Amino acid sequence: MIKVVHVTEAFEGGVIEFLRCLTNSTPDIEHTIIYGRHQFFEKAHKSFPADVKFIAWPDVNTKISPRSDIKALRHLIKILKNLQQVDVIHLHSAKAGILGRIAARRTGHKKVIYAPHGATFLRKDVSALARTAFATIEKAVSIFPAKVVGVSKSEADAYRRLGIRASHVNNGKFFPESPEKKMPGDIFTIVTTGRAMRQKNPALYNTIASAFTDNKKIQFIWIGDGDERQFLSSPNIKITGWVDRTEVENNLREADLYISTALWEGLSYAVLEAMSMRLPLLLTNCPGNNDLVENGINGFLYNYPAQAIDFINQYFDNSKLLRAHGDASYSMLQSNFSVEQMAHGYREVYASM
């Protein structure tokens, strides 16, 4: 049985969902997860297979801090040295991608995979100078061998544009065989899921919602919470706060349209969840999102608020279009983003190392 050690400083959100789906769909692989962000562990680990091993990674965080980063590196080297057998090291997110490659070199491990889950040099919440610095760091650490495997084609393409070899395996998701969909009601509900933070751009969500305050038949729901919830001030926005998976699914099942205002993505599990509920998609035209929409088939990509507002009006006036695009979302999920294709893809990657 192949033994894979996953390393991540960002044990939250999409990385948790990725690891949950991968470990549950590959019982033929022995998985160990070295994780940071310990505050999410207690709730998250219960959804993993019982035989997955978890090891806490002290001192690691997502911010750049030479002192804590050196401590985190030393801890990671010690953890890897203490493991009995490691066939492949699979690194997730930027900090693990840097420290993990150094630790692998120091401990003699040559079979290393790096999955960015949203490349830092694509971030739009930092200056152009910072993005250039992130790109320079990515190129610099590439001297430590690792196979870059993006979670979407657009993510892999971004690395190739830097001159870094990269392949991709689409994120995949378990989905209901025949999801129930509500009949059209009196209220047209537009929904998004995630942390209210700069990446998800709640200010843009608010701008779009505020264009419909005079239409009492349209409501917006933000499933989640976060530090930037104050930007969600339009009176037609409902913020659910953090809720359990069942309530997330219920909100999606009752919705008519899924919207993303994200500035960048790897490949969003929140959007895949919406596709599993047969929702049409209205997504910002950014890496990660543009892998999930075929314009005019299962939804639309937009570049400006006015475009999103126009598309919402089109959907509001055309229930047949809503249904057709929602069915196409579900079909695309089955074809391109199933957990089976993801598991098959990573089995091939691991075997090729």
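The values are calculated or read from the model by the stated rules, or taken from the named source; none is laboratory data. All values reported here derive from a predicted model rather than from experimental measurement. Don't worry about glycine lacking a Cβ; one is built from the backbone with ideal geometry, like all the others, and counts go over all protein chains shown.
Please determine, by comparing only the residues of region 212-254 that are part of a helix (DSSP H, G or I) and touching a strand residue (DSSP E or B) at 6+ places or on another chain (Cβ under 8 Å), which one is surrounded by the most Cβ atoms within 10 Å (Cβ to Cβ). Give the derivation first.
Pass one, region 212-254, residues part of a helix (DSSP H, G or I): 229-231, 245-254.
Checking which are touching a strand residue (DSSP E or B) at 6+ places or on another chain (Cβ under 8 Å) leaves us with 229, 247-248, 251-252, 254.
Values: R229: 17, E247: 13, V248: 19, N251: 18, L252: 23, E254: 15.
So the residue we want is L252.
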Name the residue, out of I64, I79, I89, that is at pLDDT below 95 and not aromatic (F, W, Y). I64
Output the residue which, of all residues in region 197-211 that are at pLDDT 95 or above and in a loop (DSSP other than H, G, I, E, B), is surrounded by the fewest Cβ atoms within 10 Å (Cβ to Cβ). A211
Please go through region 305-337 and give me each residue that is buried (at least 20 other Cβ atoms within 10 Å of the Cβ), touching a residue at least 60 places away in the same chain (Cβ under 8 Å) and within 30 Å of R20 (Cα to Cα), ordered by number. G326, Y330, L333, F337
So G288 clears everything in (1) surrounded by 24 or more Cβ atoms within 10 Å (Cβ to Cβ); (2) closer than 16 Å to A196 by Cβ except one condition, right? Which one? (2)
Does any residue in region 96-121 that is assigned by TED's automatic domain parsing to the domain that holds K147 come within less than 6 Å, Cβ to Cβ, of a residue that is in a helix (DSSP H, G or I) and basic (K, R) six or more places away or on a different chain, and which pairs are these? T107/K81; F121/R131
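How many of the residues making up region 135-165 are farther than 17 Å from C286 by Cα and either in contact with a Pro (Cβ under 9 Å, 6 or more places away or on another chain) or touching a residue at least 24 places away in the same chain (Cβ under 8 Å) (or both)?
Just the residues of region 135-165 that are farther than 17 Å from C286 by Cα, to begin with: 135-149, 162-165.
Pick out the ones that are also either in contact with a Pro (Cβ under 9 Å, 6 or more places away or on another chain) or touching a residue at least 24 places away in the same chain (Cβ under 8 Å) (or both) and you get 135, 137-139, 141, 144-149, 162-164.
Adding up the residues that qualify gives 14.
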For region 299-353, which positions are acidic (D, E) and part of a helix (DSSP H, G or I)? D310, D327, E340, E348
Could you say whether any residue in region 24-34 is assigned by TED's automatic domain parsing to the domain that holds L91 and in contact with a Gly (Cβ under 8 Å, 6 or more places away or on another chain)? yes
Residue by residue through region 29-85, note down the ones that are among the charged types (D, E, K, R) and either part of a helix (DSSP H, G or I) or surrounded by 14 or more Cβ atoms within 10 Å (Cβ to Cβ) (or both). E30, R37, E42, K43, K46, D59, R67, D69, K71, R74, K78, K81
